[in-house]
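Okay, structure first, notes after.
The values are calculated or read from the model by the stated rules, or taken from the named source; none is laboratory data. Note that the structure is a prediction, hence the values are computed from the model and not measured. Backbone-built Cβ (ideal geometry, glycine too); neighbour counts: all protein chains shown.
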Amino acid sequence: MGDEPRRTLAARLEDRDRCRFTGRRAEITFLDRCLDAADPPASVVHVCGPGGIGKSTLLREVGRRARDRGRTVVALDGRELGPGNSVLDDTLRAVAGDDRPVVLLDSYEQMTALDPHLRHELLPALPDASLVVIAGRGAPDPGWFAGGWESVTARLDLAAMPPEEASNLLAAHGVADERVPAIVDWAAGSPLALALAADAANADAGWNAARSPDRPDILRSLLHRLVETELQDIRPSALSIAVVARATTPELLRAVLPDEDAEDAYRQLSGLTVTEPLGNGIMLHELVRKALLADLRARNSDLERDLRRKIADYLYERAIAGDPLLIIDMAHLVENPLIKWGFSWEGSVRLRIDTVRPGDAEQAQRGRTLGGDPVLWPAILRYFTEAPARVAIARDDRDQMCGYMVCMSLATAPNFAETDPLIGPWLAHARKNAELGDSVLWQSAVDFSGEGRVQAMLGIAGVLRSGAVSPRFAYLPVDTRVRGAIDFVKAIGAHHVPELDARFETMELLCYRLDYGPGGLFALVRSQIYAELGLPAPASAGSPRPPVVDLETVRELLKNFRVPRELARSPLASGSSVAERAEFVRDLVRSAAAEAFGDSETEKLLHSVLVAGYLEPLRSHEEAASRLCMSRAAYFRRLRTAVERLAEHMAAGSGQR
């Protein structure tokens, strides 16, 4: 017994996933042939279908079957990749020496910009017996079926699960009673919906999907059941972080919850049926996350706000240390809908950013707004034909073009941009200010849908793909005919530069310039999050910081706030007598308390609780709670938050004189 290898949680999760896999017989039969045959029917297989249809589940099953055959398996998720290709390059080159590697690329809609690089550089270097399975929401690029690739490439379209397979999936999840037909009908063939329904049915024997014809109501009922069952044993603090953050990693949990076992909390979250891998972490399914976020705000808005701030601080520190892709996670924390209109990644559920394909220029010209102007369009066309790297295309889950952008920095602007009637003067203006920092310049950003999410993704993609590593300024073209454009540039603090406005035959484009500030884009986004929380702007990276003050030190100061001799012993004290040293510490704490909280009602309440509890204490905490018209539980919860906030502020040195 003692010599047996220790069983891991990963093995348990693998067994559970294996037992629950069912259906997709035709697809599995074909993929087995690709794994086993000496002359396989395909070496590259595209698995296509909408979100929730079971693409990721099928890929995991292929991975298991390949490992059972002794083959090396590597898996990548497109959501963890940015505009660059280093992660993909390193991963595929690492297995180029294996005899029969199996490469699984999930969420491929997030990485189609790397299509040409994958076909021309990476896959040709893999061994002859390799199998590459690519799962994505859109149709494969036509390039996969041309130039010889058509002889080794196949496409599998995952359709809705037929009733028989849906029933089998429910049975694999432990549901095989009279409620199955109603659940199958409600789920409409979605494996994800079936799994959620199975969890609800297992949790409540009296629940029946047939009793509510309103599917959104059923979904809310499902999520309610999940909160009461599967989630009830999950650490509330860790779950709350997963609800607020876009992606949760062990490092994030460790930073925000330093007094808890981050690894154990992460294992709990990873084992949930409503989480899925994302990069080095996990994410909650979006429907579940939104429902739980609404619940968290209703139950404990203070906790939600405090977590949003702490997560923003963690992401900011990581971003300025060299991880620019975290701007996507930081933008996720911004609440202002005016800003989200032009800077958000939420549309990635059904949209993706792609490279230019043949025929895209013609579609762009037929699109609404910028593309239609007979004077401006020839300038735009040159980027499509002569500098396609400066163009990004937004496509929906049906692979239809729904917008585009042209974006550059001073270093990446093509030579002909100098003669562009719009961007040429902007480049000259940016060069005059180059000593203050780099600039990112949008020549155009066009949303054919008019829904805003296309515009929002183009905003983030432009920054990441412009070539400006840490831009100080952004130049934005504003067509006043586009609903929401003026509101967006004003909400983010951009300023109109009238001398750079451009008039064309059918439109006028205004130039707005946004100064990200000395701290760059990351500092601006963090300041926006702080402003929404009613907090003063945080110190930027590089600001001088005095010695760190920990939470326990501040607790001791507050506990002894009326005991001069104890205060005089504090390492923070200064002066020649006990009274002088004690008063110095009191002044230090009072000054920090005056600065640590914002102007919103919630922030003012936290300050009032701190004053009533410690700085000008009443006879007891119970009397303080009564004076503030709060329950005892709410009072102590806010007091704890206020003390932690004070400690963090003093640790950052803002309260030092």
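Here SER466 meets the list (1) of a type in the set (Ser, Thr, Tyr); (2) farther than 26 Å from GLU109 by Cβ; (3) out of contact with any helix residue (DSSP H, G or I) (no Cβ under 7 Å at 6 or more places or on another chain) almost entirely, failing just condition (2).
Scanning segment 414-465 for residues that are over 21 Å from ALA364 (Cβ atoms) and part of a loop (DSSP other than H, G, I, E, B) yields ASN433, GLY437, ASP438.
Let's see how each residue does on (1) farther than 23 Å from PRO358 by Cα; (2) not charged (D, E, K, R); (3) not assigned by TED's automatic domain parsing to the domain that holds MET111:
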position: VAL133; (1), (2), (3): yes, yes, no
position: GLY138; (1), (2), (3): no, yes, no
position: ASP141; (1), (2), (3): no, no, no
position: ALA146; (1), (2), (3): no, yes, no
position: TRP149; (1), (2), (3): no, yes, no
position: ALA172; (1), (2), (3): yes, yes, yes
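Kindly check whether there is at least one residue in segment 301-319 that is assigned to a loop (DSSP other than H, G, I, E, B), at pLDDT below 90 and not charged (D, E, K, R). Checked against the condition, which is being assigned to a loop (DSSP other than H, G, I, E, B), at pLDDT below 90 and not charged (D, E, K, R), segment 301-319 yields no hits at all.
Here segment 148-163 is the region considered, the condition is being more than 33 Å from the chain's Cα centre (by Cα) and under 15 Å from HIS46 (Cβ atoms), and the residue that is surrounded by the fewest Cβ atoms within 10 Å (Cβ to Cβ) is SER151. Contact annotation: residue pairs with Cβ atoms under 7 Å, 6 or more positions apart or on different chains, pairing a residue in segment 425-439 that is in the same structural domain as MET408 (by TED's automatic domain parsing) with a partner that is part of a helix (DSSP H, G or I), are PRO425/LEU500; TRP426/LEU500; LEU427/ALA417; LEU427/GLU418; HIS429/LEU500; SER439/ALA430. Restricted to helices (runs of 4 or more DSSP H) entirely inside segment 552-657, those with at least 1 residues that are in contact (Cβ under 8 Å) with a residue 60 or more places away in the chain, more than 18 Å from ARG305 (Cα to Cα) and among the aliphatic types (A, V, I, L, M) are 578-596, 632-651.
Does segment 492-508 contain at least one residue that is of a type in the set (Asp, Glu), within 26 Å of ARG318 (Cα to Cα), in a helix (DSSP H, G or I) and modelled with pLDDT of 85 or more? No, every residue in segment 492-508 fails to be of a type in the set (Asp, Glu), within 26 Å of ARG318 (Cα to Cα), in a helix (DSSP H, G or I) and modelled with pLDDT of 85 or more.
Inside segment 108-126, can you point out the residues that are in a loop (DSSP other than H, G, I, E, B) and more than 13 Å from VAL74 (Cβ to Cβ)? Selection gives MET111 alone.
Anything in segment 38-59 that is at pLDDT below 90 and under 14 Å from SER107 (Cα atoms)? List them, or say none.
Listed by number, the residues that qualify are CYS48, GLY49, PRO50, GLY51, GLY52, ILE53, GLY54, LYS55, SER56, THR57.
When restricted to residues that are at pLDDT 85 or above, assigned to a loop (DSSP other than H, G, I, E, B) and surrounded by fewer than 19 Cβ atoms within 10 Å (Cβ to Cβ), segment 69-107 contains 8.
Where residues in segment 526-568 are of a type in the set (A, V, I, L, M), under 30 Å from ALA491 (Cα atoms) and touching a helix residue (DSSP H, G or I) at 6+ places or on another chain (Cβ under 9 Å), which of them is modelled with the lowest pLDDT? Explain how you work it out, then say what you get.
Initial filter on segment 526-568 (of a type in the set (A, V, I, L, M)): 529, 531, 533, 535, 537, 539, 541, 548-549, 551, 554, 557-558, 563, 567-568.
From the residues that got through so far, the ones that are under 30 Å from ALA491 (Cα atoms) too are 529, 531, 533, 535, 537, 539, 541.
Right, trim to touching a helix residue (DSSP H, G or I) at 6+ places or on another chain (Cβ under 9 Å) and you get 529, 533, 535, 537, 541.
On the way: ILE529: 91, LEU533: 85, LEU535: 80, ALA537: 77, ALA541: 52.
Applying the filter and picking the extreme gives ALA541.
Being surrounded by 17 or more Cβ atoms within 10 Å (Cβ to Cβ), modelled with pLDDT under 85 and small (Gly, Ala, Ser) is a property that holds for ALA291.
Any chance you could count how many residues in segment 166-193 are at positive phi and among the hydrophobic types (A, V, I, L, M, F, W, C)? Before the answer, list the steps.
If we filter segment 166-193 for residues that are at positive phi, which is where we start, we get 174, 188-189.
Then drop every residue that is not among the hydrophobic types (A, V, I, L, M, F, W, C), which leaves 188.
The total comes to 1.
In this structure, ALA468 qualifies as buried (at least 19 other Cβ atoms within 10 Å of the Cβ) and either touching a strand residue (DSSP E or B) at 6+ places or on another chain (Cβ under 8 Å) or assigned to a strand (DSSP E or B) (or both).
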